[in-house]
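Undergrad: Dumping the structure here so I can ask a few things about it.
Bear in mind that the values in this text are calculations on the coordinates, not laboratory data. Keep in mind the model is a prediction, meaning the values are calculated, not measured. Ideal geometry is used to build each Cβ from the backbone, glycine not excepted, and the neighbour counts take in all protein chains shown.
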Amino acid sequence: MGEESKKELTLSVSAPSGTSKEDHASRRTFIKNLAIAGAVIGTNALVAKKVASVVLEKDPQRAYLEDVLPGDRVMMAREYVVMTDEEKKRLVKTLIENYKKRLG
Amino acid sequence: MKREDKKTTIEKNIEGSTRRDFLKKTGSLSVAGLAGVATLMTGTKDAQARVTWAEWFQTNYRLMTEEEKREAIERLEKRYSEEYGKKVTVDGRPAQKNVLFGYALNIQKCIGCRRCVKACVKENNQSRHDPEIEWIRVIRMEKGKFSAEDMDKGYPSDYGIQVGGNAYKNAGVVLEGQHYYQPERVPEKDAFYFPIQCMQCEKPPCVKVCPVRTTYREPDGIVVIDYNWCIGCRMCMGACPYWARRFNWGEPNLPKEEMNPDTHYLGNRPRMKGVVEKCTFCLQRTRKGRYTACVEVCPVGARKFGNLLDPESEVRRILERKRVFRLRVDLNTFPKFFYFID
């Protein structure tokens, strides 16, 4: 009985240090998990970037032509109207006024 | 009791060392990570490696002080000279006072030889292959025709609108796949040629949409791009109604021996993958009082260039005396590139 009460005493004394240990352990686990998650996400992002750059890489010449050629049709499917003398004069006047306004 | 105490002490030690280890590891990882990033950012070539960091952190060219501009230019000159094995100059010359550039093209004279395209590629250090980038497009179009035989064909509708046959066949039909036409001789019968390039709009839509303000209009009217500040979002390409902008889908291929060493920061200096580029009216030339490469090379004198503020300039004379039209006037972009007819 005397031995048992000693054990109980020991347990009750060591209880606060046990709680603190658990606290530390859970913080450590959290930081560890966070680091692992970070590393995993980082690695996945790098792999995904590499795969995407290989798989989705466009042929530069083809991509360039896809940019340029549709414009030809759109540009030409228009009516072009010759400017009247009045329009031309007004345009020159506007351009000069704009220039003066911008640069004082 | 003794055992418990001992355990606690050991655990305390382990705990302490773990935290220390963790911090140590985190520190090492951070350093390694930064070193990795540095390795990725810097190039393998000596010159590139030396300037990439500085270039990476430089600000928008417009916001730089004169001193910063000079430093940026010096860095580039050094890198390009080492990369291309020749003395490369990068000009930072600003716009001249009382100059507003304008361009006029005689659509009747153009013979579609595409010499202007080639001269532009050569002058402006454009990628030669994969992709072959060209700032000027010359489109071959069908000529309009007047046929007296067709005069009686067709009939007017109730509203007086001609239905069916007509004496006049409209011009302006784009012939199939004619962007890279390869005839034996030019000009071809029944075709005329329509060169298109950046119109250097007075109110440029591309400038309005740029989220980082890397593209802007200079006082002399030229719309420029700070290639170092461009994020390659392609917003400007979508906004340009003239399809005048080009995107570097791949690393540009510019052979050392073909590189034009006379460059401008906002003009023809070598570009990198992922940035947009376009015609700048050869500002590396025009700001020194020279003509653009396309004007100089045109064998029939179809291209004219000058100062819109000067009443005696060729462009102003054309505006006064010739029949002039512009592209997409409906958008109110006020293009300063005019097409004219004698």
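Undergrad: Across the residues of A:63-73, average count of Cβ atoms on other protein chains within 10 Å?
TA: Mean inter-chain Cβ contacts per residue within 10 Å come to 6.
Undergrad: Taking other Cβ within 10 Å of each residue's Cβ, how do B:His264, B:His129 sort, fewest first? It would help to have the intermediate numbers written out before the result.
TA: Working: B:His264 23, B:His129 13.
Fewest to most other Cβ atoms nearby, the residues stand as B:His129, B:His264.
Undergrad: Sort B:Ser313, B:Ser30, B:Ser81 so the one with the fewest other Cβ atoms within 10 Å of its own Cβ comes first. Intermediate values should be presented prior to the final figure.
TA: On the way: B:Ser313 20, B:Ser30 10, B:Ser81 16.
Exposure proxy ranking, most exposed first: B:Ser30, B:Ser81, B:Ser313.
Undergrad: Can you classify segment B:214-294 as rounded, prolate or oblate using the Cα gyration tensor, where a ≥ b ≥ c are the square roots of its eigenvalues, rounded means a/c under 1.5, and otherwise it's prolate if a/b beats b/c and oblate if not?
TA: Cα axes put segment B:214-294 in the oblate bin.
Undergrad: Can you divide the C-alpha Rg of segment B:207-342 by 2.2 N^0.38 Å and report the result to two decimal places?
TA: Expressed relative to 2.2 N^0.38 Å, the Cα Rg reads 1.14.
Undergrad: Moving on. Using alpha carbon coordinates only, what is the Rg to Rh ratio of segment B:49-141, with Rh defined as the Kirkwood radius?
TA: Result for segment B:49-141 is an Rg/Rh of 1.07.
Undergrad: Cut-off is 10 Å between beta-carbons; in what order do B:Val186, B:Val90 appear when sorted fewest neighbours first?
TA: Fewest-to-most ranking of B:Val186, B:Val90: B:Val186, B:Val90.
Undergrad: Assuming R0 = 35 Å, can you tell me the calculated FRET efficiency for the pair B:Glu55 and A:Ile31, based on Cβ-Cβ distance, to the nearest 0.05? Please list the in-between numbers first.
TA: Numbers: r = 37 Å, r/R0 = 1.06.
With R0 = 35 Å, the Cβ-Cβ based efficiency is 0.40.
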